[in-house]
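A short write-up of the structure that comes next.
The values are calculated or read from the model by the stated rules, or taken from the named source; none is laboratory data. Small disclaimer: the values here were computed from a predicted structure and weren't measured. Ideal geometry is used to build each Cβ from the backbone, glycine not excepted, and the neighbour counts take in all protein chains shown.
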């Protein structure tokens, strides 16, 4: 295991970081001002730089500082305002250096002024490109954030609906079936006391209803894992594996650590659903005879791994391997701040892995 060494930087920030922070604060301040005030600010800044350029003389040129009002104009008012500001800056430069320039002819001085205007126009183009890129990047980030939030909302809505259905099954259908079973038992007892031959039929009906109650409770437990809140994630996965193994006759081993590095019900629910879907896909598609679910503490990181020894169908719940179950597992993994890993296991089958890389 490679050792990660963190090197702390000194407290003072580098020049580029300080300049960027100062620029962002300035832009944020100007963004709250009316456009008329921004125009006056740009013109005032231009004339102040021109006056300083005039006072400093030709040898100490302040040509580079004319970029400041151009940047503000492009960033806050658009490229047209930037080109207009570039023209104003060129005129101000001409008047500021008209008395002290070293050019012997007016044509030479006019050419120098034209070259300044060209440089200012190039600056407008460059600043516009940077501005457009920032707007595009911000839009992409906003779209990704909205997409992620939509995925989280879909998963959350699905989870709430599952819990509602599981609760209805447990509190509604299971209770009604249990009541009907109890009534059938009483009926069978009465018929048996009367030595009625239909007592055997009533008893069979009671047995069938009892089996239906068990199946309904198992179904409700799969949708609403009560062990998850009562005993924790490991106990819920053990119960899930036992139930699945009982119905499919597939050997399902659960290896769970006692020192899992979290206690969040939300994380537990996401991980339980990932394990549940991975297990269901392995049972349906891989043809495995043995499935292993490992839940461990890997150096302070939670490691969930579901692996089979089958033909590699653990993540295929559709012919293309891109069904709703797989996408839901991926959404849940992203909701946990990680990714869903898949690959070939040691025994030739497939594995699904979810590694939480941060403490929660």
Of everything in the range 52-77, what is part of a helix (DSSP H, G or I), touching a residue at least 12 places away in the same chain (Cβ under 8 Å) and within 10 Å of residue 97 (Cα to Cα)? Give them in sequence order.
53, 54
Got at least one residue in the range 144-164 being exposed (fewer than 12 other Cβ atoms within 10 Å of the Cβ) and either modelled with pLDDT of 85 or more or over 27 Å from the mean Cα position of the chain (by Cα) (or both)?
no
Answer yes if at least one residue in the range 42-49 is modelled with pLDDT of 85 or more, assigned by TED's automatic domain parsing to the domain that holds residue 124, part of a helix (DSSP H, G or I) and within 43 Å of the chain's Cα centre (by Cα), and no otherwise.
yes
So, of the residues in the range 314-330 that are touching a strand residue (DSSP E or B) at 6+ places or on another chain (Cβ under 9 Å) and buried (at least 20 other Cβ atoms within 10 Å of the Cβ), which turns out to be modelled with the lowest pLDDT?
316
Whether any residue in the range 290-300 is farther than 22 Å from residue 161 by Cβ, modelled with pLDDT under 80 and part of a helix (DSSP H, G or I) is what I want to check.
no
Scan 277, 307, 347 and give me the residue that is outside any strand (DSSP E or B) and either modelled with pLDDT of 85 or more or surrounded by 17 or more Cβ atoms within 10 Å (Cβ to Cβ) (or both).
277
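Give the residue, chosen from 68, 62, 117, that is under 22 Å from residue 25 (Cβ atoms), within 53 Å of the chain's Cα centre (by Cα) and surrounded by fewer than 19 Cβ atoms within 10 Å (Cβ to Cβ). Talk me through it step by step, then tell me what you get.
Working: 62 fails: under 22 Å from residue 25 (Cβ atoms); 117 fails: under 22 Å from residue 25 (Cβ atoms).
Going through 68, 62, 117 in turn, the sole match is 68.
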Is there any pair linking a residue in the range 174-203 that is loosely packed, with under 14 Cβ neighbours inside 10 Å to one that is assigned to a helix (DSSP H, G or I), with Cβ under 7 Å and at least six apart or on different chains, and which?
198/191
